[in-house]
1. How do the peptides 311-324, 40-53, 353-366 rank, highest first, by the average count of neighbouring beta carbon atoms within 10 Å per residue?
2. Work out, step by step, the length gained on full extension between residue 144 and residue 311: first 0.36 nm times the residue separation, then minus their alpha carbon distance; give nm to one decimal.
3. Give the long-range amide H neighbours of residue 43: residues separated by 5 or more places, or on another chain, with amide H under 5 Å away, using H modelled in the peptide plane at 1.01 Å from N.
4. Among 184-191, 337-344, how do they line up from the highest to the lowest mean number of other beta-carbon atoms within 10 Å?
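Read-outs: derived from the displayed coordinates by stated rules, not from any lab. Just so it is clear, the model here is predicted, and its values are computed rather than measured. No Cβ is skipped: glycine too gets one built from the backbone with ideal geometry, and neighbour counts run over all protein chains shown.
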Amino acid sequence: MGNWWSATKEPPPLVVLVPPLFDFPPLAARTRMLESSYNLLFGKLALRCLFEDYFEEARHFSTRIMLRPIDDPHVDLIASVAGPLDYKPKDHHNIVGNAQFRWQSDVEKPHTFVDLYVSNSEPILLMRSCAYCTQYGIGAFGIFPVLLKKRVSPEDYGVMGLRYGSSNLSCGATISPFPSAEEIPKTAWLVSQIGRLTAGVQYEPQFESKDVPKYKNLKNWSCAIGYGVGSGSPLSPSFNFGLELSRNSQFIASFYQHVVVQRRVKNPLEENEVVGITNYIDFGFELQSRVDDEKASNSIQDSTFQVAASWQANKNLLLKGKVGPLSSSMALAFKSWWKPSFTVSLSAIRDRTKGQTSFGFGICVDGIREGSYQRADPNFVMLTPNKEHLAEGIQWKIGKRPVFQSDVSSGNFEGVPRELRPLEKIL
């Protein structure tokens, strides 16, 4: 009798599904050492992904293939083709195709690499290289157009740069290979972080005057300040608010919020022990206003804004929407987590100036980014390698509905993707 009771199996523990994010890290993180930190911080990178990813151009399609050989993880290839949906052979010049081949000597050091970019538009062949020492925080990089139909501006001859980065500071400058005295540096930036506050300034000498040197012209300077809460973990909520004065002519206010929530699961395809799932909700807002007295050009409006939100319901489904003064867009993306993963997206664009609704279509095959977390929030105990976790910390029966509660603000996250390492040493 005792053996019979001991042989009785206990019911499986309740679990909460923790799906990976659709696109983490963003592709821009792979080449962030080639760009000014000023252009990536203050929530700018997150807002760029929220406002642009999966929102295809009206009546256009895009395809992207990102592959990495199984036998050699040091190299990868990204190829893309985009063009109008109503393509005709005589409009072959409207089809844009490009490919990027990347090599890095150490898989665990993603910021030291060389890549070659080829395209049927300018530049035809572009070489980029970066070397970054994480121990001392010093890096050097270069961007060189190898093949161009015509070289007119100094940028056509390439850009070289030096940078320094730590957990609270980032500074750097770029120059042209054949600079003049007035073009040194070509760009320069300084960004510092104290606690939750981040402040930065950037110098880009593009405007000149006969009586005022370029470095004294305020139109060549931009400054920003931001307040951020949270960490780099996608399982941790985060909030960023930023104010920027760009070129002494445009004021930009923005905020971005990443929310991690848990909801009940009522899916007959799931196991009975699956009681909840983690969802990711993102909000973003950006307001741009001119502050100078000059007449607005065709490319810069007096004032504009855009609002966007996204909801990842599970590992396969993502819904996004954004609204602006002239148009509104919706995007629906479905992703299968095969190896490589396969993503199909459909977007609808409503142009209120013309009263027309158009559609865009996108396909992406991704074999570079891995959709897995090495460690979830410590409030959950890992159950299986597919990121199911024990549903501890859940408070049941508050009112008439079960409510899932868990403290996901600790930010302990060992599975930081290689493109974001080392997280604690780079601002």
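1. Per-residue Cβ counts within 10 Å, averaged per peptide and sorted highest first, yield 40-53, 311-324, 353-366.
2. Result for the pair: 56.2 nm of gain on full extension.
3. Excluding prolines and chain starts, which carry no amide H, there are no hits.
4. 184-191, 337-344
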